[in-house]
Amino acid sequence: MSKETLSTSVKEIPKIKLGLQDKYEEEKQINVGSVKEPLHPDNIGTDTVDELPEPAGYRILVLPFTPREKTKGGILFSQESLDKARIATTCGYVLKMGDLAYKDQDKFGEPWCKKGDWVIFARYAGSRLPIEGGEVRILNDDEVLGTVKDPESLLHLI
């Protein structure tokens, strides 16, 4: 046997190259700056609100509640379960109100909600408008079922 065929030869053994891992790391570096947080009343600016459509007549523009991505104990929710929770949400933040919302004195004695309130509505109420970072809904003024101070408090009671 010659010395070249032994495993202790001086020839270098090529290192293992993980192609997929390199690709994922490249994509992660590219997408680091482009990842947007889901819209929430705390991180939505007046510029963003101004770009959203104006509700016409008796309609209200509502930003649905976005659940937290992590529990207090540190457990992360999957993206699929977060998407299901966003779709099934029945609570939202009033961003804008149409000029005729709650103006009918025969139907409404006083307004049921105002801009900046958290409101409760039916699961399939309103029209869904997908926007960057989430979605908004346009509801009729009579589709509001009630108001709530903190939407997260509802999740703990259910």
Enumeration of residues in segment 77-98 that are part of a strand (DSSP E or B) and within 13 Å of THR66 (Cβ to Cβ):
CYS91, GLY92, TYR93
Looking for something hydroxyl-bearing (Ser, Thr, Tyr), more than 19 Å from VAL49 (Cβ to Cβ) and surrounded by fewer than 18 Cβ atoms within 10 Å (Cβ to Cβ) - is there at least one such residue anywhere in segment 127-142?
no
Of the conditions (1) in contact with a strand residue (DSSP E or B) (Cβ under 6 Å, 6 or more places away or on another chain); (2) more than 12 Å from PRO151 (Cβ to Cβ), the single one that GLY74 does not satisfy is (1)
Subset of segment 78-115 that is free of Cβ contacts under 8 Å to residues at least 24 places away in the same chain and closer than 13 Å to THR147 by Cβ - its residue that is nearest to the chain's Cα centre (by Cα):
LYS115
Residues within segment 47-69 that are of a type in the set (Lys, Arg) and at pLDDT 80 or above, tallied
1
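The values are calculated or read from the model by the stated rules, or taken from the named source; none is laboratory data. Remember, predicted model here, so these are calculated numbers, not experimental data. We place every Cβ from the backbone using ideal geometry, glycine too, and count neighbours over all the protein chains shown.
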